[in-house]
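The values are calculated or read from the model by the stated rules, or taken from the named source; none is laboratory data. Remember, predicted model here, so these are calculated numbers, not experimental data. Neighbour counts run over all protein chains shown; Cβ positions are idealised from the backbone, glycine included. Note: areas computed on protein heavy atoms with side chains; ligands, DNA, RNA excluded. Shrake-Rupley method; radii C 1.70, N 1.55, O 1.52, S 1.80 Å.
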Amino acid sequence: MVMAAVPVTEPEPWRELFVGFEDQASRLYRSTKNNFLSGWTTWKLLPMMWKYRREIEWRQFWIRAMYLVLLSFFNGICAWVESVRFRKEMVEQGELPDDPVIILGCPRSGTTLIHMCLAADEEQFYSPDLFQVSFPESFLTLNPLRKWMRPLLQGETRPMDNVRLSWELPSEDELAVAALTGGACETMALVFPSQWKSVLHENSIHSASEDVRHRWKEAFTQFCRKITLFESKESQKCTQRRGRRRLLLRSPSHTNHIRQLLQIFPNAEFIFVHRHPLEVFRSSLHMVKSYVPFCTLQHCEPHDLLQYVLENYRTTMNGYLDDRGLIRPGRLFEVGLGELEENLQEGIRRIYHGLGLFDGSIKPSLIHHWKLLADFKKNDHQDVPYLVECQVRTLWRRSFDAFGYAN
């Protein structure tokens, strides 16, 4: 009797990128640190959990969910106190600057590096830090407690790149918008990776409902006013600072928000940083594998994470390439991360010149800070299988061509 041959199924090449991921993720699911939901108030967190009650995997994530709920009560009390203490000042002094400097670029393209370099120049810029974006409704009240709160809520380094964490680290204002709106932003795809398509569609500024767009704009402008108020209060305490400082913002999602940002800030200037798309892919994949398990309320399926990385980059970059022509000449400076890695000091000087910020001299302390950043050792990422690389090159072809990475 001749046995029929059993067809052999070749493993899908992308699975090589997730070897060992599920074991690592299952350990991180028990963590309560490094979660951007930790600063949400009760009246933002509970409606979000109710909305996604069928998507949350309660059996596996009930400890994390209950921990966030308990924190939200504390955050709510502090936010109420802050609204009472500072409501009058916000109304009378909370001005919205019209000329911020906004850093654009996809996740893992080098935006953090530029943000850290420019934010160190405290004579020119002020920028929201990690504490302020984490607790947007209460950071004025909680500010004296920040050094005691960090060990409870944050690890020693960022999970994705080993950048040392501190509350003073310049950070993404999108996290504040997420907290102020109860999740009306693209970042929520990291909390519900299995529903990333519907979450992005529902919260993307281009496909969202008019209500979501309104909530996003109100929260974003409210946070910028509050940061400006904080800057005004701090400047009054510091007699050494001279001249007017400009608001410095960074969020990768802003790369696809140019039209909306220009409506809010007609005189804004933009810095766009790009990186070889294959390097972005490798780094982005490492980011979602190392960070999403800290903040998710669902089991992370590797294929969902892969598709999220591919689609998020494609739509973000297409949005930027479609709308960058709306920025007035002289108000957009584009730079490659490769240029900065080759000579960081010269690259930052070029940015200063491009934005008209260079006055002929840069403080030695600032140059020393840039040298320290230039010496930072990046992660080594695993190689991309050939068939996956072909898929990346096909889906991201427009970006390869637009910035000279096709060869």
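A few comments on the model shown:
- Region 87-111, residues that are part of a helix (DSSP H, G or I) and either open to solvent by 20 Å² or more (accessible area, probe 1.4 Å) or modelled with pLDDT of 95 or more (or both): Arg87, Lys88, Glu89, Met90, Val91, Glu92, Gln93
- Any hit, region 38-52, residues being touching a helix residue (DSSP H, G or I) at 6+ places or on another chain (Cβ under 7 Å), at negative phi, at pLDDT below 95 and assigned to a loop (DSSP other than H, G, I, E, B): no
- When residues in region 149-159 are screened for being open to solvent by less than 20 Å² (accessible area, probe 1.4 Å) and in contact with a helix residue (DSSP H, G or I) (Cβ under 7 Å, 6 or more places away or on another chain), 1 of them pass.
- Selection status of Ser253, surrounded by fewer than 22 Cβ atoms within 10 Å (Cβ to Cβ), out of contact with any strand residue (DSSP E or B) (no Cβ under 7 Å at 6 or more places or on another chain) and in contact (Cβ under 8 Å) with a residue 24 or more places away in the chain: no
- Candidates are the residues of region 280-301 that are of a type outside the set (Gly, Ala, Ser), part of a helix (DSSP H, G or I) and open to solvent by less than 10 Å² (accessible area, probe 1.4 Å); the one that is farthest from Asp383 (Cα to Cα) is Cys295.
- From the options Phe281, Phe230, Phe270, Phe265, residue that is in contact with a strand residue (DSSP E or B) (Cβ under 9 Å, 6 or more places away or on another chain) and more than 26 Å from Glu137 (Cα to Cα): Phe270
- Residue that is farthest from Glu57 (Cα to Cα), among those in region 183-235 that are assigned to a helix (DSSP H, G or I), touching a residue at least 60 places away in the same chain (Cβ under 8 Å) and among the aromatic types (Phe, Trp, Tyr): Phe230
- Matching residues, region 53-86, being touching a residue at least 60 places away in the same chain (Cβ under 8 Å) and closer than 21 Å to Ser26 by Cα: Glu55, Ile56, Glu57, Gln60, Phe61, Arg64, Ala65
- Residue match in region 19-26 (condition: open to solvent by 50 Å² or more (accessible area, probe 1.4 Å) and touching a residue at least 40 places away in the same chain (Cβ under 8 Å)): yes
- Yes/no for Leu68 being among the aliphatic types (A, V, I, L, M), modelled with pLDDT under 95 and touching a helix residue (DSSP H, G or I) at 6+ places or on another chain (Cβ under 6 Å): no
- When Asp211 is tested against (1) over 22 Å from Arg331 (Cβ atoms); (2) buried (at least 19 other Cβ atoms within 10 Å of the Cβ), just one condition goes unmet, and that condition is (2).
- Sole exception among (1) of a type in the set (D, E, K, R); (2) buried (at least 17 other Cβ atoms within 10 Å of the Cβ); (3) under 29 Å from Leu366 (Cβ atoms) for Glu339, by number: (2)
- Test: residue in region 174-189 that is open to solvent by 80 Å² or more (accessible area, probe 1.4 Å) and farther than 22 Å from His303 by Cα: no
- Residue within region 262-272 that is touching a residue at least 24 places away in the same chain (Cβ under 8 Å) and either among the hydroxyl-bearing types (Ser, Thr, Tyr) or farther than 30 Å from Gly356 by Cβ (or both) present: no
- Restricting attention to region 50-64 and to residues that are among the hydrophobic types (A, V, I, L, M, F, W, C) and surrounded by fewer than 17 Cβ atoms within 10 Å (Cβ to Cβ), the residue that is nearest to Lys197 (Cα to Cα) turns out to be Trp50.
- Within the option set Gly356, Gly319, being surrounded by fewer than 17 Cβ atoms within 10 Å (Cβ to Cβ) and either at pLDDT 90 or above or in a loop (DSSP other than H, G, I, E, B) (or both) holds for one residue only, Gly356.
- Where a residue in region 393-407 is within 16 Å of Ser109 (Cα to Cα) and its partner, wherever it lies, is hydroxyl-bearing (Ser, Thr, Tyr) and in a helix (DSSP H, G or I), with Cβ under 8 Å and at least six apart: Trp396/Tyr313; Ser399/Tyr313; Tyr405/Ser399
- Of all the numbered requirements in (1) more than 16 Å from Ile205 (Cβ to Cβ); (2) within 17 Å of the chain's Cα centre (by Cα); (3) touching a residue at least 40 places away in the same chain (Cβ under 8 Å), Arg331 misses one, and that requirement is (2).
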